[in-house]
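Enquirer: Okay, handing you the structure first.
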Amino acid sequence: MQGLQREQEPVLSDPSPSHRDKAIYPPLTPASTGLHGRCPRCGEGRLFSGFLQVAPRCGNCGLDYSFSDAGDGPAVFIMLIVGFIVAFLALYVEFTFQPPFWVHALLWIPLVFALALGLLRPAKGLMIAIQYRHKAEEGRLEQG
């Protein structure tokens, strides 16, 4: 049984979390984890504890989510995307069918809410996963 030697995990000289992450966890894409609301490191734990409330840490691997600061970025992107879609559709319907105003209100108000609420959580998860992937942190000024 000479050929059945176990491969040992490589010992890293730098014990920083980023090197440990590479040794233990496979590389995951921000799209696969963030859009599904999963931990950006292991892809298993939940990213959110509420609808938009970020959990304090991953229940699977223990990653502390305090690094995440999505801010208003996802909301701005969603407002622009939803605004473009709804404005295009409203203009198309207006110039093609010329319906009364109440039809526009009946169509577009629910669509705005559905699209905004449906896209906001995946966008926030994606932003947090991208922050983790690129090790984004608050900017600091150099002391001279």
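Enquirer: For region 65-139, run through the GluC sites (Glu not before Pro) and keep only the ones in DSSP coil with at most 15 other Cβ atoms within 10 Å of their Cβ.
Expert: On the way: sites: GLU94, GLU137, GLU138; in loops: GLU137, GLU138.
Passing sites in region 65-139 are GLU137, GLU138.
Enquirer: Given 5 Å bins starting at zero, what is the percent of C-alpha pairs of region 27-133 in each, up to the one with the largest pair distance?
Expert: Pairs per bin, as whole percents: 2, 13, 20, 18, 12, 10, 8, 7, 5, 3, 1, 0.
Enquirer: Evaluate E = 1/(1 + (r/R0)^6) for ALA31 and LEU141, where r is the Cβ-Cβ distance and R0 equals 35 Å; express this FRET efficiency to the nearest 0.05. Each step should come with its number before you reach the end.
Expert: On the way: r = 33 Å, r/R0 = 0.94.
The computed FRET efficiency comes out at 0.60.
Enquirer: Over region 93-144, what per residue volume does the convex hull of the Cα atoms give, in whole Å³?
Expert: Values: hull volume 8.3 nm³, N = 52.
Once divided by residue count, the hull of region 93-144 is 159 Å³.
Enquirer: Just rank PHE97, PHE77, fewest to most, by other beta-carbon atoms within 10 angstrom.
Expert: Numbers: PHE97 8, PHE77 16.
With the fewest neighbours first, PHE97, PHE77 line up as PHE97, PHE77.
Enquirer: Next up: Using Cβ counts within 10 Å as a stand-in for footprinting exposure, how do VAL54, VAL93, VAL76 rank, fewest first?
Expert: On the way: VAL54 19, VAL93 15, VAL76 11.
Starting with the residue having the fewest Cβ neighbours, the order is VAL76, VAL93, VAL54.
Values quoted throughout were computed directly from the atomic coordinates according to the rules given, and no laboratory measurement underlies them. Not measured: the values here are computed from a predicted model. Methodologically, a virtual Cβ is constructed for each residue, glycine included, from the backbone with ideal geometry; neighbour enumeration extends over all protein chains shown.
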